[in-house]
Amino acid sequence: MFRKLLLWFLLMKYAAPNGDNSDFVYNGFRGTNISLDGSAEITSHGLLLLTNSVQQKGHACYPIPLHFKPSYGKNQSFSTNFVFAIVLHYPNVTSSGAAFVISPSKELPEGHIGQYMGIFNPQTIGNSSNHIALIELDTYLHPEDGDIDDNHVGIDINGLYSIASAPAAYFTNMSGGFKNLSLISGEPMHLWVEYNGVQNQLNVTLSPINLPKPDRPLLSSTVDLSSIVLDDMYVGFSSSTKSSPVSIYILGWSFKMNGQAQALDLSHLPKLPRIGPKKKSELLLIGLPVIVLISTLAIISAVGLIIRRKIKFAEIQEDWEREYGPHRFSYKDLFMATKGFTDKELLGVGGFGRVYRGVLSASKTEVAVKRVSHESRQGIREFISEVVSLGRLRHRNLVQLLGYCRRKRELLLVYDFMPNGSLDRLLFNHPNSVLRWCQRFRIIKGVASGLLYLHEEWEQVVLHRDIKASNVLLDSEMNGRLGDFGLARLYDHGTDPQTTHMVGTFGYLAPELTKTGKATTSTDVFAFGAFMLEVACGRRPIEPLSSVDEVILVDWVSECWRRGTILAAVDSKLGLDYDVKEMELVLKLGLLCSYPLSAARPSMRQVTQFLDGDAPLPELSSDGLGAAIQAVRHYKRSDDLRFSNPSSLELMYASTSSIPGSVLSGGR
Ligand SMILES: *[C@@H]1O[C@H](CO)[C@@H](O)[C@H](O)[C@H]1NC(C)=O
Ligand SMILES: *[C@@H]1O[C@H](CO)[C@@H](O)[C@H](O)[C@H]1NC(C)=O
C-alpha cells in the first residue's frame, strides 16, 4: 500500500513537475499576479494592455516558469488560447504587432521597440542562443523579415523570420473555406496554439470571438521544439509600437501543459473601451448636456405642438349636445376639409359669416361650411336644437343642412355644396352669360315651392326672413335652392330683446316689419315678391344710382304697370327672348306679393298655384294698389334711404287705411 502511494507520488512529480502551476485560466486579469514589464499594465476594467502609445514595448508573462522538458527527454505537449484585440488610434495607421512568446527569461530587457516586437534587437535577432519561440500577429510589412503582408499570423523561432505564416483568416465550418480577418479591425479575436510533443506538430487557429473554434487550423507546422525550449520557460505576450499609437489588449488567456486548455468564459471577459478614454469624457462633457438639451427641447416642442393643436382644434361641447351627436362635426375635420379655411376655398361672405368650400375626407363629399360668429352663449342650446331640427328639413329647393360644430364665439354650419353658386352672382356679375328666361322662371317656381315647404308643409312653420337673390343657390341642375333658412333665429335667441335688431335686407323688408320688428310668413312673401321682380327685371330692389323714378324697383314696376307698359321693366339683357304670359304673371305677382298691406298679400300656397297656372291671377285694382304703392315709395324713401319726410309718412297712413280690405278677389 505504502509502495503504491509512493509510486503514484513519484509519477505525479515527474509527469507534472510544476503541479498546480501548469494549468491556468484568466477570464480577465483584474487582481491577478501576471508579471508585467515595459508599458504593459492591467486596466481598471481588467484588460491586459500591452501598449497604448507610440514608441512603446510591453511584455507580460505568467509569473512562474513552466517545466517544458520532463526528465525523460520528450517534449511536453501544451495548449493555450487567448482573446486579443488590436485597436488603432488612427484608422489605417499601424505599427508592428503582438506575439505569444515562450522565452527563457521573465523579462525581455534587451528587446527593442518597433519591428523587434520588444523581444529582439539587431544583435540578438536570429541568434539560436535566444531559445525563444513565438506566434506573431504581424500588422506591418517588414520585407527584411520575409513578411508576406501586413496582416498575417506566423510561427517564428529565435527571430522574426517566420518558418510558417498565413494571412489572417479563419476556417468556416459552414462553407468549408477560409475567410479573411483583419487583425487591426479593433474587434476581439480568439487564437489557439496547440503543440503535440510526440508528433512535433504545432497548430495555430484563429477566429472571430463570436464563433466556436474552427475545425481546421490556420497554420499547421512540424516544429521540433526540443532544441529550442529549455527546461523551464516563461509564457506570455509581447508587443511594441513605432510612431503611431496602437492599443493592444489581451482580454482572456487559458493555458495547460499536457492537455487541452480550458475554454475561456467569453461572456465574462472584460469589455473593450468603445472609444479612447479622452473621447469618452469629451462625450460625457459635451455630448450628455447636448443630448439632454435636445431631448428637453424635443419634449417641450412636442408638448407645445400638442397644446397648439388642442387650442387650434378646440371645440365647445356640452352634455346636452350628446343627443345631436350624428349632426356634430369635429372642428378638425372641417379644418382639414377646408384646407384650414384658406381664402382659396372662400365661396363668399354673407350676412351671417364667411362660407368656405370643403371636401370631407371620410366621405369625399363636397360641403359648404359657414362660419357664423356668435358671441353669446345664451340661447345657443335652443338654437342648436333648431339647427338640428332644421337638418331634418328635406326639400329639393332647400340647401340641405348637414350638421354643425361649435367653438368659442363661433358656430360652424355644414351644408351641401352648391356647384353653381348663388343666383345674384349669375344675375348681376356675369355680363357675358345671360341667364335665360326659362331658367329664371324655373328658379322662381323652385324657390316658391321651397318657401311653401318651410311655411306650410313641415311640422312647424319655419320663417326664412332673408329671401333674396344672393340667398338662392343653384345646384348642378340649375335648380334654385333656398339657403340660410332659420339662421335669423340665432340673433333672436342670442340677443337681448330690448335691442332686437332687424334681420333682413333693405329692399326686401315689408313695411310693417320696420315698425313692429315681428317677422311673419307674410313678411317672407313680401321679400319673395321683391325677389321675383329682381329676377325678372335683372335689377336689385333698390338701386340708389338710378334715375329718381327707378330707385325702388317695386315703384318702378308698378309705374310701368299703371302706364300699361309693364314689360318695359323686363331685364333688357333678355331682349325679346321670353314668354310674355309668364313674364306678365311674374311681374304682377311680384307687385302683389310686395303689397304694403300684409293682409293683401297672397300666401305661398296661392303664389305657387298662380305660378303653376292652377289658379288665375286676380286683376289688380289699379287705384288701390297705385295709392298703396305711392305710400310705400314715400315710406321707403323716408325710412330706408334715410331722408326724413314726415308729411309722406302721414300720407302712407292715410293711403293704407283707404286700401280696400281685399285686393284679391278669388283669394283667401
Ligand atoms: C549569439 O549570442 C551569443 C550569446 O549572447 C554570442 O556569444 C554569440 O556571439 C552570438 N552569435 C552571433 C552569430 O551573433
Ligand atoms: C484574403 O487575403 C488574401 C491575402 O491578403 C488575398 O489574396 C485574398 O484575395 C483575400 N480573400 C478575400 C476573399 O478577400
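What are the ³J(HN,Hα) couplings of region 571-586, residue after residue, when phi is run through the Karplus curve with 6.51, -1.76, 1.60 and θ = phi - 60°? Round to Hz, x for glycine and proline.
Working through the residues one at a time gives 3, 5, 5, 6, x, 10, 8, 7, 7, 4, 5, 4, 5, 4, 4, 5 Hz.
Just want the answer: with Cβ charges of +1 for Lys and Arg and -1 for Asp and Glu, which residue in Ala527, Gly575, Thr516 is farthest toward the dipole's positive end in region 428-619?
After comparing all options, I get Gly575.
Quick check on region 120-179: take the gyration tensor over C-alpha atoms, sort the square-rooted eigenvalues as a ≥ b ≥ c, and tell me if it's rounded (a/c under 1.5), prolate or oblate. Walk me through the numbers on the way to the answer.
Numbers: a/c = 3.85, a/b = 2.16, b/c = 1.78.
In terms of gyration-tensor shape, prolate.
Using amide H atoms built in the peptide plane, which far-off residues or other-chain residues are under 5 Å from Leu398 H to H?
The list, which skips near neighbours in sequence, is Leu482.
Rounded to a whole number, what is D in µm²/s for region 543-615 from Stokes-Einstein with the Kirkwood radius over alpha-carbon pairs (37 °C, 0.692 mPa s)?
245
³J(HN,Hα) across region 420-426 via Karplus (A = 6.51, B = -1.76, C = 1.60, θ = phi - 60°), whole Hz, x for Gly/Pro?
Computed from phi, the couplings for region 420-426 are 9, x, 8, 5, 5, 4, 6 Hz.
Apply the Karplus curve 6.51 cos²θ - 1.76 cosθ + 1.60, θ = phi - 60°, to the phi angles in region 440-453 and return the couplings in whole Hz, x for Gly and Pro.
Coupling constants for region 440-453: 4, 5, 5, 5, 4, 5, x, 5, 4, 6, x, 5, 4, 4 Hz.
Sorting check: for 454-467, 598-611, which peptide has the highest mean count of neighbouring beta carbons within 10 Å, and how do the rest follow?
The peptides rank, most packed first, as 598-611, 454-467.
Between Lys408 and Glu584, what's the calculated FRET efficiency when r is the beta-carbon distance and R0 is 30 Å? Round to 0.05.
Once the sixth-power term is evaluated, E becomes 0.05.
For region 428-619, just list the percent of Cα-Cα distances falling in each 10 Å bin from zero outward, please.
Histogramming region 428-619 at 10 Å steps yields 9, 37, 38, 14, 2, 0 percent.
How large is the dipole of region 17-264 about the Cα centre if only Lys and Arg carry +1 and Asp and Glu carry -1, each at its Cβ, rounded to the nearest 20 debye?
The calculation lands at about 440 debye.
If you take the beta carbon distance between Gln260 and Ala164 as r and set R0 to 22 Å, what does 1/(1 + (r/R0)^6) give as a FRET efficiency, to the nearest 0.05?
Numbers: r = 22 Å, r/R0 = 1.02.
Computed FRET efficiency for Gln260 and Ala164: 0.45.
If the chain between Asp577 and Lys271 were fully stretched, how many nm would it gain, using 0.36 nm times the residue separation less the Cα-Cα distance?
Working it through step by step, the gained length comes to 100.4 nm.
Could you sort Thr523, Thr32 by accessible area so the largest value comes first, with the probe set to 1.4 Å?
Result, largest first: Thr32, Thr523.
When only Cα pairs under 8 Å and 6 or more residues apart are kept, what is the percent relative contact order across region 17-264?
Averaging sequence separation for qualifying contacts and normalising by length gives 35 percent for region 17-264.
For the pair Met174/His45, report the inter-label distance in nm, with labels modelled 7 Å from Cα in the Cβ direction.
It is 2.7 nm.
Beyond 27 Å between alpha-carbons counts as too far, so tell me which of Lys69/Lys242; Lys57/Lys179; Lys69/Lys179; Lys370/Lys573; Lys370/Lys468 fall in that bin.
Over 27 Å apart, Cα to Cα: Lys69/Lys242; Lys57/Lys179; Lys69/Lys179; Lys370/Lys573.
If I model a spin label as a point 7 Å beyond the Cα along the Cα-Cβ vector, how far apart are those points for Phe506 and Arg394 in nm?
Rounded to a tenth, the inter-label distance reads 4.2 nm.
Quick one: compute the contact order of region 428-619, relative version, from alpha carbon pairs under 8 angstrom and 6+ residues apart, as a percent.
That works out to 24 percent.
Determine how large the accessible area of Arg357 is when every protein chain is in place; take a 1.4 Å probe and give Å² rounded to the nearest 10.
60
On alpha-carbon atoms, Rg over Rh for region 17-264 using Kirkwood Rh? It would help to have the intermediate numbers written out before the result.
Working: Rg = 16.5 Å, Rh = 17.8 Å.
Checking Rg against Rh, the ratio lands at 0.93.
Between Ser105 and Ile306, how high is the FRET efficiency from 1/(1 + (r/R0)^6) when r is the Cβ-Cβ distance and R₀ = 56 Å? Nearest 0.05.
Once rounded, the FRET efficiency stands at 0.20.
Lys/Arg Cβ at +1, Asp/Glu Cβ at -1, dipole of region 17-264 taken about the Cα centre: which of Phe120, Gly38, Phe178 is farthest positive-ward?
Phe178
Taking H as built 1.01 Å from N, whose amide H comes closer than 5 Å to the amide H of Leu346, not counting residues under 5 places away?
Arg357
Given a 1.4 angstrom probe, I'd like the percentage of the accessible area of region 428-619 that is carbon and sulfur, rounded to a whole number.
51
Rounded to a whole number, what % of the accessible area of region 17-264 do carbon and sulfur atoms account for, probe 1.4 Å?
49
May I ask for the Kirkwood hydrodynamic radius of region 512-553, worked out over all distinct Cα pairs and given in angstroms to one decimal?
So the Kirkwood estimate lands at 11.4 Å.
Tell me the accessible surface of Met336 in square angstrom (1.4 angstrom probe, heavy atoms of protein chains only), to the nearest ten.
Per-residue accessible area (Met336): approximately 100 Å².
Would you mind checking which residues have amide H under 5 Å from Ser39's amide H? H placed 1.01 Å from N; only 5 or more apart, or other chain.
Lys57, Gly58, His59
Could you give the accessible area per residue of region 17-264, probe 1.4 Å, as a whole number in Å²?
So region 17-264 comes to 40 Å² accessible per residue, rounded to a whole number.
Given contacts defined as C-alpha pairs under 8 Å and at least six residues apart, what's the relative contact order of region 400-450, whole-number percent? Walk me through the numbers before you get to the answer.
On the way: 26 pairs, mean separation 10.3, N = 51.
20 percent.
The values are calculated or read from the model by the stated rules, or taken from the named source; none is laboratory data. Because the structure is a prediction, the values reported are computed rather than measured. Please note: Cβ atoms are built from the backbone with ideal geometry, for glycine as well, and neighbour counts cover all protein chains shown. Side chains are part of the model used for accessible areas, which takes the heavy atoms of the whole protein and leaves out ligands, DNA and RNA. Shrake-Rupley method; radii C 1.70, N 1.55, O 1.52, S 1.80 Å.
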